[in-house]
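Please read the structure below before turning to the comments.
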Amino acid sequence: MDISQFIAKRIAFNKNKSFSKVIIRIAMWATAISVAVMILATGFVNGFQQVIKEKVFSFWGHIHINQYQPNAGPLTQEKPFTADTALMKHIQHLPEVKTISTYATKSAIIKSDKEIAGVMFKGVDKGYDWPSIKEYLVEGTIPTFNDTAYAQGILISAALAKELQLHLHDKVILYFIQGGGQSPRARRLTISGIYKTSIEEYDKTYIIGDINLVRRLNDWLSNEIGGYEISLKDYHQMDAVASNIDHNLLPDELFTRTIKEIYPNIFDWLQLQGQNEVIIIAIMTIVAIINMITAILILILERTNMVGTLKALGMRNWSIQKIFVFQAAYIVLLGVIIGNILGLGLAFIQVQTGVLRLPEDSYYMSTAAISLRWHEIVLINVGTFVVCTAVLLLPSLIIRRITPIKAIQFK
(Lines give C-alpha, C1' and ligand atoms only; values in the text may rest on other atoms or scores of the structure.)
Protein backbone atom coordinates (compact mmCIF):
# COMPACT_ATOMS: atom_id res chain seq x y z
CA MET A 1 0.00 0.00 0.00
CA ASP A 2 1.19 3.55 -0.74
CA ILE A 3 2.61 5.15 2.43
CA SER A 4 0.47 8.29 1.92
CA GLN A 5 -2.67 6.21 1.67
CA PHE A 6 -1.69 4.16 4.74
CA ILE A 7 -1.19 7.26 6.89
CA ALA A 8 -4.42 8.82 5.56
CA LYS A 9 -6.40 5.73 6.59
CA ARG A 10 -4.87 5.71 10.07
CA ILE A 11 -5.77 9.38 10.53
CA ALA A 12 -9.25 9.10 9.03
CA PHE A 13 -10.24 6.11 11.18
CA ASN A 14 -8.48 7.27 14.35
CA LYS A 15 -10.89 6.86 17.28
CA ASN A 16 -9.20 9.45 19.50
CA LYS A 17 -11.36 12.49 20.24
CA SER A 18 -10.22 15.75 18.68
CA PHE A 19 -11.61 18.99 17.29
CA SER A 20 -10.91 17.78 13.75
CA LYS A 21 -13.22 14.80 14.34
CA VAL A 22 -16.15 17.19 14.77
CA ILE A 23 -15.16 19.06 11.61
CA ILE A 24 -14.83 15.80 9.68
CA ARG A 25 -18.34 14.74 10.75
CA ILE A 26 -19.76 18.12 9.76
CA ALA A 27 -18.06 17.94 6.35
CA MET A 28 -19.21 14.37 5.84
CA TRP A 29 -22.86 15.16 6.67
CA ALA A 30 -22.77 18.34 4.60
CA THR A 31 -21.61 16.26 1.63
CA ALA A 32 -24.26 13.63 2.37
CA ILE A 33 -27.06 16.20 2.52
CA SER A 34 -25.81 17.86 -0.68
CA VAL A 35 -25.82 14.53 -2.54
CA ALA A 36 -29.26 13.63 -1.16
CA VAL A 37 -30.69 17.00 -2.22
CA MET A 38 -29.18 16.63 -5.71
CA ILE A 39 -30.69 13.14 -6.10
CA LEU A 40 -34.11 14.31 -4.89
CA ALA A 41 -34.03 17.47 -7.02
CA THR A 42 -33.22 15.44 -10.13
CA GLY A 43 -35.89 12.85 -9.28
CA PHE A 44 -38.62 15.41 -8.62
CA VAL A 45 -37.89 17.47 -11.73
CA ASN A 46 -37.76 14.34 -13.91
CA GLY A 47 -40.98 13.04 -12.37
CA PHE A 48 -42.75 16.37 -12.78
CA GLN A 49 -41.70 16.72 -16.42
CA GLN A 50 -42.58 13.09 -17.17
CA VAL A 51 -46.10 13.32 -15.71
CA ILE A 52 -46.93 16.59 -17.49
CA LYS A 53 -45.57 15.34 -20.81
CA GLU A 54 -47.50 12.08 -20.51
CA LYS A 55 -50.71 14.03 -19.93
CA VAL A 56 -50.07 16.34 -22.86
CA PHE A 57 -49.10 13.51 -25.21
CA SER A 58 -51.95 11.24 -24.08
CA PHE A 59 -54.49 13.91 -24.89
CA TRP A 60 -53.05 15.28 -28.12
CA GLY A 61 -50.41 12.81 -29.30
CA HIS A 62 -46.99 13.97 -30.47
CA ILE A 63 -47.47 15.17 -34.05
CA HIS A 64 -50.41 16.68 -35.95
CA ILE A 65 -50.89 16.77 -39.71
CA ASN A 66 -53.22 19.48 -41.05
CA GLN A 67 -53.83 21.72 -44.00
CA TYR A 68 -51.74 24.85 -43.79
CA GLN A 69 -53.42 27.81 -42.07
CA PRO A 70 -51.41 30.96 -41.36
CA ASN A 71 -51.22 31.94 -37.67
CA ALA A 72 -53.18 28.82 -36.61
CA GLY A 73 -53.42 28.45 -32.83
CA PRO A 74 -54.41 25.49 -30.62
CA LEU A 75 -58.10 26.48 -30.83
CA THR A 76 -58.18 27.13 -34.58
CA GLN A 77 -60.66 24.92 -36.42
CA GLU A 78 -59.02 22.88 -39.15
CA LYS A 79 -59.64 23.05 -42.89
CA PRO A 80 -61.10 19.75 -44.12
CA PHE A 81 -59.27 17.39 -46.44
CA THR A 82 -59.84 13.83 -47.62
CA ALA A 83 -58.38 11.07 -45.44
CA ASP A 84 -55.75 9.05 -47.30
CA THR A 85 -55.79 5.42 -46.15
CA ALA A 86 -52.55 4.63 -47.99
CA LEU A 87 -50.77 7.56 -46.29
CA MET A 88 -52.02 6.47 -42.87
CA LYS A 89 -50.76 2.91 -43.44
CA HIS A 90 -47.39 4.23 -44.60
CA ILE A 91 -47.02 6.40 -41.47
CA GLN A 92 -48.27 3.59 -39.21
CA HIS A 93 -45.52 1.31 -40.53
CA LEU A 94 -42.77 3.76 -39.54
CA PRO A 95 -40.80 2.08 -36.71
CA GLU A 96 -41.10 5.13 -34.45
CA VAL A 97 -44.90 5.43 -34.73
CA LYS A 98 -47.22 3.90 -32.14
CA THR A 99 -50.63 4.99 -33.51
CA ILE A 100 -52.15 7.34 -36.08
CA SER A 101 -55.79 8.44 -35.99
CA THR A 102 -58.07 11.08 -37.49
CA TYR A 103 -59.73 13.99 -35.69
CA ALA A 104 -61.55 17.27 -36.21
CA THR A 105 -62.49 20.09 -33.82
CA LYS A 106 -65.38 22.52 -33.65
CA SER A 107 -66.23 25.44 -31.36
CA ALA A 108 -69.34 25.05 -29.23
CA ILE A 109 -71.21 26.29 -26.19
CA ILE A 110 -72.25 23.70 -23.63
CA LYS A 111 -75.41 24.37 -21.63
CA SER A 112 -76.64 22.72 -18.48
CA ASP A 113 -79.77 23.61 -16.51
CA LYS A 114 -78.01 26.44 -14.68
CA GLU A 115 -74.73 27.29 -16.44
CA ILE A 116 -73.10 27.65 -19.88
CA ALA A 117 -69.46 27.52 -21.01
CA GLY A 118 -67.49 27.88 -24.22
CA VAL A 119 -65.72 24.67 -25.25
CA MET A 120 -63.91 23.00 -28.13
CA PHE A 121 -65.46 19.75 -29.33
CA LYS A 122 -62.80 17.25 -30.42
CA GLY A 123 -64.27 14.62 -32.72
CA VAL A 124 -62.49 11.27 -33.04
CA ASP A 125 -63.44 7.76 -34.16
CA LYS A 126 -63.35 4.26 -32.68
CA GLY A 127 -59.78 3.79 -33.96
CA TYR A 128 -58.50 6.57 -31.72
CA ASP A 129 -55.75 5.90 -29.14
CA TRP A 130 -58.32 5.27 -26.39
CA PRO A 131 -55.99 3.44 -23.96
CA SER A 132 -54.14 6.73 -23.39
CA ILE A 133 -57.40 8.54 -22.59
CA LYS A 134 -58.75 5.75 -20.38
CA GLU A 135 -55.88 6.34 -17.99
CA TYR A 136 -57.45 9.69 -17.05
CA LEU A 137 -61.09 8.57 -16.82
CA VAL A 138 -62.41 9.03 -13.29
CA GLU A 139 -65.98 7.95 -14.09
CA GLY A 140 -67.83 6.17 -16.87
CA THR A 141 -66.56 4.78 -20.17
CA ILE A 142 -65.62 5.99 -23.62
CA PRO A 143 -68.47 6.69 -26.08
CA THR A 144 -69.93 3.78 -28.06
CA PHE A 145 -69.29 4.26 -31.79
CA ASN A 146 -71.35 2.80 -34.62
CA ASP A 147 -71.14 2.87 -38.41
CA THR A 148 -74.61 4.28 -39.17
CA ALA A 149 -74.79 7.46 -37.04
CA TYR A 150 -72.67 9.55 -34.70
CA ALA A 151 -72.13 8.47 -31.08
CA GLN A 152 -74.44 10.19 -28.59
CA GLY A 153 -71.92 9.93 -25.75
CA ILE A 154 -69.23 12.50 -24.93
CA LEU A 155 -66.37 12.84 -22.47
CA ILE A 156 -66.10 15.99 -20.39
CA SER A 157 -63.58 16.94 -17.72
CA ALA A 158 -64.18 16.81 -13.98
CA ALA A 159 -63.48 20.56 -13.79
CA LEU A 160 -66.11 21.34 -16.43
CA ALA A 161 -68.61 18.97 -14.81
CA LYS A 162 -68.12 20.69 -11.47
CA GLU A 163 -68.42 24.16 -13.00
CA LEU A 164 -71.65 23.25 -14.83
CA GLN A 165 -72.98 21.04 -12.00
CA LEU A 166 -73.14 18.00 -14.31
CA HIS A 167 -72.89 14.30 -13.51
CA LEU A 168 -72.31 11.02 -15.33
CA HIS A 169 -75.15 10.13 -17.75
CA ASP A 170 -76.62 13.66 -17.64
CA LYS A 171 -78.08 15.07 -20.84
CA VAL A 172 -76.51 18.32 -22.09
CA ILE A 173 -77.14 20.62 -25.03
CA LEU A 174 -74.22 21.72 -27.20
CA TYR A 175 -74.66 24.74 -29.47
CA PHE A 176 -72.13 24.42 -32.29
CA ILE A 177 -70.90 27.68 -33.79
CA GLN A 178 -71.46 27.89 -37.55
CA GLY A 179 -69.54 30.26 -39.78
CA GLY A 180 -70.91 32.66 -42.36
CA GLY A 181 -73.48 34.25 -40.08
CA GLN A 182 -75.46 31.03 -39.64
CA SER A 183 -77.31 30.29 -36.43
CA PRO A 184 -75.70 27.80 -34.01
CA ARG A 185 -76.79 24.20 -34.38
CA ALA A 186 -77.94 22.49 -31.18
CA ARG A 187 -77.41 18.83 -30.33
CA ARG A 188 -78.49 16.97 -27.19
CA LEU A 189 -75.75 14.58 -26.03
CA THR A 190 -75.12 12.32 -23.05
CA ILE A 191 -72.12 12.38 -20.70
CA SER A 192 -70.70 8.85 -20.98
CA GLY A 193 -67.47 9.55 -19.14
CA ILE A 194 -65.62 12.14 -17.05
CA TYR A 195 -61.84 12.61 -17.37
CA LYS A 196 -59.28 14.56 -15.37
CA THR A 197 -55.80 15.59 -16.47
CA SER A 198 -55.52 18.57 -14.06
CA ILE A 199 -54.14 20.64 -16.97
CA GLU A 200 -56.43 23.64 -17.13
CA GLU A 201 -55.78 24.28 -20.85
CA TYR A 202 -57.41 20.91 -21.56
CA ASP A 203 -59.87 20.33 -18.75
CA LYS A 204 -61.79 23.57 -19.16
CA THR A 205 -61.65 23.59 -22.95
CA TYR A 206 -62.08 20.18 -24.57
CA ILE A 207 -65.00 17.80 -24.91
CA ILE A 208 -64.34 14.52 -26.73
CA GLY A 209 -66.96 13.00 -29.00
CA ASP A 210 -67.60 11.48 -32.43
CA ILE A 211 -65.94 12.94 -35.55
CA ASN A 212 -69.08 12.03 -37.52
CA LEU A 213 -70.98 14.70 -35.60
CA VAL A 214 -68.44 17.31 -36.74
CA ARG A 215 -68.82 16.08 -40.33
CA ARG A 216 -72.60 16.47 -40.20
CA LEU A 217 -72.46 19.91 -38.65
CA ASN A 218 -69.88 21.12 -41.19
CA ASP A 219 -71.57 19.36 -44.14
CA TRP A 220 -68.38 17.42 -44.85
CA LEU A 221 -68.14 14.21 -46.79
CA SER A 222 -67.90 10.95 -44.86
CA ASN A 223 -64.15 10.63 -45.54
CA GLU A 224 -63.17 14.23 -44.76
CA ILE A 225 -61.19 15.02 -41.62
CA GLY A 226 -59.55 17.95 -39.85
CA GLY A 227 -56.22 16.24 -39.35
CA TYR A 228 -54.13 13.23 -38.35
CA GLU A 229 -52.90 12.73 -34.80
CA ILE A 230 -49.73 10.66 -34.40
CA SER A 231 -48.45 9.08 -31.17
CA LEU A 232 -44.84 7.91 -31.01
CA LYS A 233 -43.12 5.18 -29.03
CA ASP A 234 -40.46 7.66 -27.88
CA TYR A 235 -41.27 11.36 -27.63
CA HIS A 236 -37.58 12.27 -27.96
CA GLN A 237 -37.89 11.40 -31.68
CA MET A 238 -40.75 13.85 -32.20
CA ASP A 239 -38.86 16.48 -34.19
CA ALA A 240 -36.99 13.96 -36.36
CA VAL A 241 -40.13 11.96 -37.21
CA ALA A 242 -42.13 15.13 -37.96
CA SER A 243 -39.38 16.35 -40.30
CA ASN A 244 -39.20 12.97 -42.04
CA ILE A 245 -42.98 12.82 -42.59
CA ASP A 246 -43.15 16.44 -43.70
CA HIS A 247 -40.37 16.19 -46.28
CA ASN A 248 -40.83 12.65 -47.59
CA LEU A 249 -44.47 11.55 -47.22
CA LEU A 250 -46.91 14.46 -47.28
CA PRO A 251 -48.43 16.22 -50.27
CA ASP A 252 -47.75 19.95 -50.61
CA GLU A 253 -51.04 21.09 -49.05
CA LEU A 254 -50.38 19.27 -45.74
CA PHE A 255 -47.79 19.99 -43.07
CA THR A 256 -46.77 18.67 -39.65
CA ARG A 257 -46.75 20.38 -36.27
CA THR A 258 -45.34 18.88 -33.09
CA ILE A 259 -47.24 19.33 -29.86
CA LYS A 260 -44.36 21.55 -28.67
CA GLU A 261 -45.24 23.99 -31.44
CA ILE A 262 -48.95 23.89 -30.60
CA TYR A 263 -48.53 24.38 -26.84
CA PRO A 264 -45.13 26.12 -26.49
CA ASN A 265 -46.02 27.71 -23.13
CA ILE A 266 -46.27 24.32 -21.40
CA PHE A 267 -42.95 23.08 -22.76
CA ASP A 268 -41.20 26.40 -22.02
CA TRP A 269 -42.39 26.04 -18.44
CA LEU A 270 -41.07 22.47 -18.26
CA GLN A 271 -37.72 23.62 -19.63
CA LEU A 272 -37.60 26.24 -16.88
CA GLN A 273 -37.93 23.47 -14.30
CA GLY A 274 -34.86 21.84 -15.84
CA GLN A 275 -32.93 25.07 -15.36
CA ASN A 276 -33.99 25.15 -11.70
CA GLU A 277 -32.60 21.62 -11.35
CA VAL A 278 -29.22 22.74 -12.68
CA ILE A 279 -29.15 25.69 -10.25
CA ILE A 280 -29.95 23.44 -7.25
CA ILE A 281 -27.24 20.94 -8.22
CA ALA A 282 -24.70 23.75 -8.70
CA ILE A 283 -25.51 25.25 -5.27
CA MET A 284 -25.30 21.88 -3.52
CA THR A 285 -21.96 21.14 -5.21
CA ILE A 286 -20.57 24.50 -4.06
CA VAL A 287 -21.77 23.81 -0.50
CA ALA A 288 -20.01 20.42 -0.51
CA ILE A 289 -16.79 21.94 -1.90
CA ILE A 290 -16.71 24.78 0.65
CA ASN A 291 -17.25 22.35 3.53
CA MET A 292 -14.51 20.03 2.32
CA ILE A 293 -12.04 22.89 1.81
CA THR A 294 -12.74 24.10 5.36
CA ALA A 295 -12.29 20.58 6.71
CA ILE A 296 -8.97 19.93 4.98
CA LEU A 297 -7.55 23.30 6.08
CA ILE A 298 -8.41 22.46 9.70
CA LEU A 299 -6.90 18.99 9.29
CA ILE A 300 -3.67 20.46 7.94
CA LEU A 301 -3.56 23.01 10.76
CA GLU A 302 -4.08 20.31 13.40
CA ARG A 303 -1.45 18.06 11.84
CA THR A 304 1.22 20.72 11.34
CA ASN A 305 3.62 18.92 13.72
CA MET A 306 3.16 15.70 11.77
CA VAL A 307 3.81 17.53 8.48
CA GLY A 308 7.04 18.98 9.88
CA THR A 309 8.18 15.60 11.18
CA LEU A 310 7.48 13.87 7.86
CA LYS A 311 9.38 16.60 6.01
CA ALA A 312 12.28 16.25 8.41
CA LEU A 313 12.31 12.49 7.68
CA GLY A 314 12.61 13.26 3.97
CA MET A 315 9.05 12.81 2.71
CA ARG A 316 8.34 14.91 -0.36
CA ASN A 317 5.67 17.63 -0.44
CA TRP A 318 3.52 15.76 -2.97
CA SER A 319 3.49 12.62 -0.83
CA ILE A 320 2.38 14.65 2.22
CA GLN A 321 -0.28 16.41 0.12
CA LYS A 322 -1.60 13.03 -0.93
CA ILE A 323 -2.15 12.10 2.75
CA PHE A 324 -4.69 14.89 3.16
CA VAL A 325 -6.21 14.41 -0.29
CA PHE A 326 -6.71 10.70 0.46
CA GLN A 327 -8.16 11.55 3.85
CA ALA A 328 -10.56 14.04 2.27
CA ALA A 329 -11.47 11.46 -0.38
CA TYR A 330 -12.48 9.01 2.38
CA ILE A 331 -14.70 11.71 3.88
CA VAL A 332 -16.27 12.54 0.51
CA LEU A 333 -16.81 8.86 -0.31
CA LEU A 334 -18.52 8.25 3.02
CA GLY A 335 -20.64 11.37 2.53
CA VAL A 336 -21.66 10.21 -0.96
CA ILE A 337 -22.68 6.76 0.37
CA ILE A 338 -24.75 8.26 3.19
CA GLY A 339 -26.24 10.79 0.76
CA ASN A 340 -27.36 8.00 -1.54
CA ILE A 341 -28.98 6.16 1.35
CA LEU A 342 -30.83 9.34 2.39
CA GLY A 343 -31.79 10.46 -1.11
CA LEU A 344 -32.88 7.08 -2.47
CA GLY A 345 -34.62 6.21 0.80
CA LEU A 346 -36.70 9.40 0.78
CA ALA A 347 -37.45 8.91 -2.92
CA PHE A 348 -38.67 5.36 -2.24
CA ILE A 349 -40.90 6.60 0.59
CA GLN A 350 -42.43 9.23 -1.72
CA VAL A 351 -43.05 6.69 -4.49
CA GLN A 352 -44.71 4.25 -2.08
CA THR A 353 -46.75 6.66 0.04
CA GLY A 354 -47.08 9.94 -1.91
CA VAL A 355 -46.61 11.75 1.38
CA LEU A 356 -45.52 14.99 -0.31
CA ARG A 357 -48.65 16.67 -1.69
CA LEU A 358 -48.90 19.54 -4.15
CA PRO A 359 -51.60 22.15 -4.92
CA GLU A 360 -53.16 20.61 -8.02
CA ASP A 361 -54.27 23.93 -9.50
CA SER A 362 -50.67 25.15 -9.69
CA TYR A 363 -48.71 21.96 -10.46
CA TYR A 364 -51.22 19.91 -12.52
CA MET A 365 -50.88 16.98 -10.09
CA SER A 366 -51.93 16.28 -6.51
CA THR A 367 -48.86 14.23 -5.49
CA ALA A 368 -45.24 15.08 -6.18
CA ALA A 369 -44.05 12.62 -8.81
CA ILE A 370 -40.51 11.31 -8.71
CA SER A 371 -38.57 9.53 -11.44
CA LEU A 372 -35.00 8.37 -10.86
CA ARG A 373 -32.68 7.83 -13.79
CA TRP A 374 -29.74 5.73 -12.75
CA HIS A 375 -27.25 7.26 -15.17
CA GLU A 376 -27.97 10.68 -13.60
CA ILE A 377 -27.51 9.29 -10.09
CA VAL A 378 -24.19 7.75 -11.11
CA LEU A 379 -23.16 11.07 -12.66
CA ILE A 380 -24.05 12.93 -9.44
CA ASN A 381 -22.03 10.48 -7.33
CA VAL A 382 -18.98 10.38 -9.59
CA GLY A 383 -19.14 14.12 -10.26
CA THR A 384 -19.35 15.00 -6.56
CA PHE A 385 -16.48 12.69 -5.64
CA VAL A 386 -14.19 13.78 -8.48
CA VAL A 387 -14.90 17.53 -8.23
CA CYS A 388 -14.57 17.70 -4.44
CA THR A 389 -11.39 15.60 -4.40
CA ALA A 390 -9.81 17.55 -7.26
CA VAL A 391 -10.62 20.92 -5.71
CA LEU A 392 -8.97 19.81 -2.45
CA LEU A 393 -5.61 19.77 -4.21
CA LEU A 394 -5.58 23.57 -3.98
CA PRO A 395 -5.75 23.99 -0.16
CA SER A 396 -3.30 21.10 0.22
CA LEU A 397 -0.69 23.32 -1.48
CA ILE A 398 -0.34 25.13 1.85
CA ILE A 399 1.79 22.15 2.93
CA ARG A 400 4.58 23.36 0.63
CA ARG A 401 4.86 26.55 2.73
CA ILE A 402 5.36 24.64 5.99
CA THR A 403 9.02 24.37 7.07
CA PRO A 404 10.13 21.44 9.31
CA ILE A 405 11.69 23.58 12.09
CA LYS A 406 8.69 25.87 12.57
CA ALA A 407 6.24 23.00 12.19
CA ILE A 408 7.92 20.86 14.87
CA GLN A 409 7.93 23.87 17.24
CA PHE A 410 4.26 24.60 16.46
CA LYS A 411 1.91 23.92 19.40
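The values are calculated or read from the model by the stated rules, or taken from the named source; none is laboratory data. Keep in mind it's a predicted model, so treat the numbers as computed, not measured. Glycine also receives a Cβ, built like all others from the backbone with ideal geometry; neighbour counts cover every protein chain displayed. The accessibility values were calculated without ligands, DNA or RNA, using every heavy atom of the protein model including side chains. Shrake-Rupley method; radii C 1.70, N 1.55, O 1.52, S 1.80 Å.
Restricting attention to the stretch 328-370, report how many residues are within 18 Å of Lys53 (Cβ to Cβ) and either open to solvent by 20 Å² or more (accessible area, probe 1.4 Å) or among the acidic types (Asp, Glu) (or both). Write out each step before concluding.
Kept after step one, since they are within 18 Å of Lys53 (Cβ to Cβ), are these residues of the stretch 328-370: 358, 360, 362-370.
Going one step further and asking which of them are either open to solvent by 20 Å² or more (accessible area, probe 1.4 Å) or among the acidic types (Asp, Glu) (or both), we end up with 358, 360, 362-364, 366-367, 369-370.
Going through the stretch 328-370 one residue at a time, the tally reaches 9.
Right, Lys114: out of contact with any Cys (no Cβ under 9 Å at 6 or more places or on another chain), surrounded by fewer than 14 Cβ atoms within 10 Å (Cβ to Cβ) and part of a helix (DSSP H, G or I) or not?
Here the answer is no, as Lys114 does not meet what is asked.
Just give me the residues in the stretch 262-278 being assigned to a helix (DSSP H, G or I) and either at pLDDT 85 or above or within 16 Å of Ile52 (Cα to Cα) (or both), in sequence order. Can you show your working first?
The first filter runs over the stretch 262-278 and keeps only residues assigned to a helix (DSSP H, G or I), leaving 262, 264-278.
Ile262, Pro264, Asn265, Ile266, Phe267, Asp268, Trp269, Leu270, Gln271, Leu272, Gln273, Gly274 - these are the residues of the stretch 262-278 that are assigned to a helix (DSSP H, G or I) and either at pLDDT 85 or above or within 16 Å of Ile52 (Cα to Cα) (or both).
Select from the stretch 187-213 the residues that are aliphatic (A, V, I, L, M) and modelled with pLDDT of 90 or more and write down the one among them that is surrounded by the most Cβ atoms within 10 Å (Cβ to Cβ). Spell out how you get there, then give the answer.
So the first thing to find is which residues in the stretch 187-213 are aliphatic (A, V, I, L, M), and the list is 189, 191, 194, 199, 207-208, 211, 213.
From the residues that got through so far, the ones that are modelled with pLDDT of 90 or more too are 189, 191, 194, 207-208, 211, 213.
Numbers: Leu189: 23, Ile191: 23, Ile194: 21, Ile207: 24, Ile208: 23, Ile211: 27, Leu213: 22.
So, considering only residues that are aliphatic (A, V, I, L, M) and modelled with pLDDT of 90 or more, the one surrounded by the most Cβ atoms within 10 Å (Cβ to Cβ) is Ile211.
Considering only residues that are touching a strand residue (DSSP E or B) at 6+ places or on another chain (Cβ under 7 Å) and assigned to a helix (DSSP H, G or I), look in the stretch 219-240 and name the one that is surrounded by the fewest Cβ atoms within 10 Å (Cβ to Cβ).
First pass over the stretch 219-240, keeping only residues touching a strand residue (DSSP E or B) at 6+ places or on another chain (Cβ under 7 Å): 223-233, 238-239.
Remaining after also requiring assigned to a helix (DSSP H, G or I): 238-239.
Values: Met238: 21, Asp239: 15.
Top of the filtered list is Asp239.
In the stretch 347-380, what residues are in a helix (DSSP H, G or I) and more than 17 Å from the chain's Cα centre (by Cα)?
The initial filter retains those residues of the stretch 347-380 that are in a helix (DSSP H, G or I), namely 347-353, 360-363, 374-380.
Selection gives Phe348, Ile349, Gln352, Thr353, Asp361, Val378, Leu379, Ile380.
Considering only the stretch 148-155, I want to know if a residue exists there that is surrounded by fewer than 16 Cβ atoms within 10 Å (Cβ to Cβ), modelled with pLDDT of 85 or more and more than 24 Å from Phe81 (Cα to Cα). Spell out the reasoning first.
In the first step, residues of the stretch 148-155 are kept if they are surrounded by fewer than 16 Cβ atoms within 10 Å (Cβ to Cβ); the result is 148-149.
Of the ones still in play, those that are also modelled with pLDDT of 85 or more are none.
Within the stretch 148-155 (the criterion being surrounded by fewer than 16 Cβ atoms within 10 Å (Cβ to Cβ), modelled with pLDDT of 85 or more and more than 24 Å from Phe81 (Cα to Cα)), the answer is no, since none of the residues qualifies.
Mind checking whether some residue in the stretch 241-258 is of a type in the set (A, V, I, L, M), under 30 Å from Gln327 (Cα atoms) and outside any helix (DSSP H, G or I)?
Of all residues in the stretch 241-258, those of a type in the set (A, V, I, L, M) come to 241-242, 245, 249-250, 254.
If we keep only those that are under 30 Å from Gln327 (Cα atoms) as well, we get none.
Taking every residue of the stretch 241-258 in turn, none turns out to be of a type in the set (A, V, I, L, M), under 30 Å from Gln327 (Cα atoms) and outside any helix (DSSP H, G or I).
Being of a type in the set (Gly, Ala, Ser) and open to solvent by less than 40 Å² (accessible area, probe 1.4 Å) is the filter; apply it to the stretch 119-139 and report the residue that is nearest to Gln178 (Cα to Cα). I'd like the intermediate steps shown before the answer.
Of the stretch 119-139, the ones of a type in the set (Gly, Ala, Ser) are 123, 127, 132.
Within this subset, residues satisfying the condition of being open to solvent by less than 40 Å² (accessible area, probe 1.4 Å) are 123, 132.
Details: Gly123: 16, Ser132: 31 Å.
Per the criteria, the residue is Gly123.
Return the total of residues in the stretch 164-186 being open to solvent by 10 Å² or more (accessible area, probe 1.4 Å) and among the aromatic types (Phe, Trp, Tyr). Before the answer, list the steps.
We begin by selecting, within the stretch 164-186, every residue open to solvent by 10 Å² or more (accessible area, probe 1.4 Å); these are 165-171, 173, 175, 177-186.
Among the residues that remain, those that are also among the aromatic types (Phe, Trp, Tyr) are: 175.
Summing the residues that are open to solvent by 10 Å² or more (accessible area, probe 1.4 Å) and among the aromatic types (Phe, Trp, Tyr) in the stretch 164-186 gives 1.
Ala86 passes all but one of (1) touching a strand residue (DSSP E or B) at 6+ places or on another chain (Cβ under 9 Å); (2) part of a helix (DSSP H, G or I); (3) open to solvent by 40 Å² or more (accessible area, probe 1.4 Å); which number fails?
(1)
Hey, can you tell me all the residues within the stretch 280-302 that are modelled with pLDDT under 80 and either under 13 Å from Val35 (Cβ atoms) or open to solvent by less than 60 Å² (accessible area, probe 1.4 Å) (or both)? Write out each step before concluding.
As a first pass, look at the stretch 280-302 and keep what is modelled with pLDDT under 80: 291-302.
Correct list: Asn291, Met292, Ile293, Ala295, Ile296, Ile298, Leu299, Ile300.
Give the number of residues within the stretch 40-92 that are farther than 27 Å from Gln275 by Cβ and in contact with a Gly (Cβ under 9 Å, 6 or more places away or on another chain).
9
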